[in-house]
Amino acid sequence: MTHYTGKITDLRVLDVRFPTSLSLDGSDAMNPDPDYSAAYVVLSTDRGDGVEGHGLTFTIGRGTEIVVAAVEALRPLVVGQTVAAFTGAPGAFWKHLTGDSQLRWIGPEKGVIHLATAAVVNALWDLWAKLEKKPLWKLLSDLTPAQIVELVDWRYLTDALTPEEALAMLERLAPTRAAREAEMVRDGYPAYTTSAGWLGYSDDKIRALCREALAEGFTHFKMKVGSDLADDQRRAGIMREIIGEERTLMIDANQRWDVGVAIEWTTALAKYRPMWIEEPTSPDDVLGHAAIAKALAPLGIGVATGEHCQNRVIFKQLLQARAISYCQIDSCRLGGVNEVVAVLLLAAKFGIPVCPHAGGVGLCEYVQHESIFDYICVSGSLTGRITEFVDHLHEHFIDPCVVRGGRYLAPTAPGTSITMQPASIAAHTYPGGSIWKQTALS
Ligand SMILES: [Mg+2]
C-alpha cells in the first residue's frame, strides 16, 4: 500500500435534493412522498493532483439541513489530518471520528451524527480509492485479511465475533479470492428490482414495469405492502401473475406494523409465497423481529431488515437473537465502509446472507462495491444473496452503476462511483438550485 503524502485541507458539504415526490417514485407505507436527497461531502487536499474524495449520506428531503450541520461539526476532526492518517490506519481513523468525547453524546454511533459520519467516512474511502486508481471493491479486495480486520471497531462485538475469529475466516477464503474476483468481473453480482412495486403506482403501471423488468432479465421482484391488506393482496396477485410461479417475490412493510399485526398480515399474504417480509416492525425491536421470524418460519417466509438499523451493535443482536434471515446493510445508515465491513463479518459468522438495501440516490452506486467485496473476501458464496436495485436518478452520477441481465456489473472506474455530475449538484442544491426555483414544491 502506497504511503500517500499531503493533508486534507477542506471539507465542503452540500444539501442536494431531488423532487421525486412529484412522481411518487419511492412511495411506501411509511414514506408516501420522499424527495430523495443527500448530504454531499467533498474533501480536498494539498497534494496538488486535484484528486478529491466525494461521499454522501442518503436522506429523503426535510432534515437534510440537520445532517449538513452534523457534518460541519465533524470538520475539525478531518481538516488538517494527513491523508496517510486515514490510509495507513482506516480503523483507527474511524474510531477518531466516532470517538469525539463531546459529539459522542448526540449518538453514540446512531442518528443524525452517524449519518454524517457515513458521508465523511465514505468520502475518505473515495479519496483513497481514487488515489489507488481502483474501484472501491478492488481496493477492499486487495487488502490482506489483517488489514480488513483493522478496519473494524471491535468494541461491543467480541461476545459474538472476535478479531481473531474474523482473521481466520478471512484467511480461509484468501487463497480462492482470485477465482471469485474473475467471476465477478465476468458475470457481475445478482440484483433484484424494487422499481415495479412502489405503493403509489397504478395496477397498469405495476404490470408494465414487471414486464419490463422480466425482459431485462430480473428474477427477483419486491413490492411495498402495509397500507391496506386487500390492496396488497390484489397487487401481490398482479405481481405473481406477471412474474410467474418460478420467480421470486419479496414484500416490504417499511416498519408499518406492531408485532402481532406483522404476523397476521404476512400470513394473509403467504399464498403469494414471498421469500421475505422486510422491515415488518420498528427497526429497534430486536425481540419483536425474533418473534415474527419464529412465527413465519413454518410458512417459509424469512425476515429481512437493516436499512434503518443504526449500527453494528443492533445488527449483532438481530443475528444473536436469530431475528433475521437476510441482513440488509445500508452504506450510509451504518458509519460508512468500515462499519459495513464489521456487519459483513458478523453476518458471515452467523451464516446469514447479506442482501444490501439500495435505491434512493447513490445507494445502488455504493452497495455494488460492498456486495462484490463481500463475495470475494467475506462470504465466498452467492447462495441466498441478492442486492437491491432501483432504476432512479443514476443519470446524475459520473460513473453510475450498470445493471445488465439482472446483475450489477463490477465497476471499473477509480473511487466509489458516487461523484455526482457538477451540473446535477448545481441544479439540485437546496433551496437555491434551478430545479427548486422552478418546482411547485419549493
Ligand atoms: Mg425497504
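Bear in mind these aren't lab numbers, they're just calculated from the coordinates by the rules spelled out. None of the values given here were measured: they were computed from a predicted structure. Cβ placement follows ideal geometry from the backbone for every residue including glycine, while neighbour counts extend to all protein chains displayed.
For the range 358-405, take N as its residue count and report Rg(C-alpha) divided by 2.2 N^0.38 Å.
1.20
In the calculated pair distance distribution of the range 246-355, what percentage of Cα-Cα distances lie above 21 Å?
Here the tail beyond 21 Å accounts for 29 percent of pairs.
Mind checking which of Ile425, Phe397, Leu346 is farthest towards the positive end of the range 303-442's charge dipole, using Cβ charges of +1 (Lys, Arg) and -1 (Asp, Glu) about the Cα centre?
The Cα lying farthest towards the positive end belongs to Leu346.
Over the chain, with a single point scatterer placed on each C-alpha, what log10 of the ratio I(q)/I(0) does the Debye formula yield at q = 0.12, 0.13 1/Å?
Calculated log10 I(q)/I(0) at the listed q: -0.99, -1.17.
Roughly speaking, what is the stretch gain from Asn31 to Lys7, that is 0.36 nm per residue apart minus the C-alpha to C-alpha distance, in nm to one decimal?
Difference between extended and current length: 4.6 nm.
Evaluate the range 180-294: find the radius of gyration of its Cα atoms, find its Kirkwood radius, and give the ratio Rg to Rh.
1.02
If you take the square roots of the eigenvalues of the alpha-carbon gyration tensor of the range 18-79 and sort them as a ≥ b ≥ c, do you get rounded (a/c under 1.5), prolate (a/b over b/c) or oblate?
prolate
Give Lys7/Lys130; Lys7/Lys138; Lys95/Lys133 a once-over and call out the pairs whose C-alpha atoms are over 21 Å from each other.
Going by Cα-Cα distance, Lys7/Lys138; Lys95/Lys133 fall outside the 21 Å limit.
For the Cα atoms of the chain, what angle does the longest principal axis make with the long axis of helix 337-350, in degrees from 0 to 90, nearest 10?
50
Only Cα pairs within less than 10 Å get springs; with that Gaussian network setup on the chain, which residue of Leu103, Leu151, Leu249 has the largest fluctuation?
The residue with the greatest mean-square fluctuation here is Leu103.
Please report the antiparallel percentage of DSSP beta bridges with both residues in the chain, rounded to the nearest 5.
Of those bridges, close to 55 percent are antiparallel.
Sort out for me the Cα centre separation of the range 327-373 from the range 179-212, rounded to whole Å.
Rounded to whole Å, the Cα centres lie 18 Å apart.
Given +1 on the Cβ of Lys and Arg, -1 on the Cβ of Asp and Glu, and no further charges, what dipole in debye does the chain carry about its Cα centre, rounded to the nearest 20?
With Lys and Arg at +1 and Asp and Glu at -1, about 420 debye.
What list of ³J(HN,Hα) values in whole Hz, one per residue of the range 125-136 in order, does the Karplus curve 6.51 cos²θ - 1.76 cosθ + 1.60 (θ = phi - 60°) give from phi, with Gly and Pro shown as x?
After applying 6.51 cos²θ - 1.76 cosθ + 1.60, I find 5, 4, 4, 4, 5, 5, 5, 6, 6, 9, x, 3 Hz.
Roughly how big is the range 46-202's charge dipole about its Cα centre, with Cβ charges of +1 (Lys, Arg) and -1 (Asp, Glu), in debye to the nearest 20?
I would put it at about 220 debye.
Need one number for the range 68-153: average projected area of the convex hull over its C-alpha atoms, nm².
Result: a mean projected hull area of 5.6 nm².
If the only charges are +1 at each Lys and Arg Cβ and -1 at each Asp and Glu Cβ, what is the size of the charge dipole of the range 257-320 around the Cα centre, to the nearest 20 debye?
300
Charges on Cβ only, +1 for Lys and Arg, -1 for Asp and Glu, centred on the Cα centroid of the range 90-159; of Gln147, Gly107, Trp125, which one is farthest towards the dipole's positive end?
After comparing all options, I get Trp125.
Picking from Ala321, Ala215, Phe373, whose Cα lies most toward the positive end of the charge dipole for the chain (charges on Cβ: Lys, Arg +1; Asp, Glu -1)?
Phe373
Taking neighbour Cβ counts within 10 Å as the exposure measure, how do Ile376, Ile243 sort from fewest upward?
Starting with the residue having the fewest Cβ neighbours, the order is Ile243, Ile376.
Can you run the Rg to Rh ratio on the range 291-376? Use alpha carbon positions and the Kirkwood inverse-distance Rh.
Value, to two decimals: 0.97.
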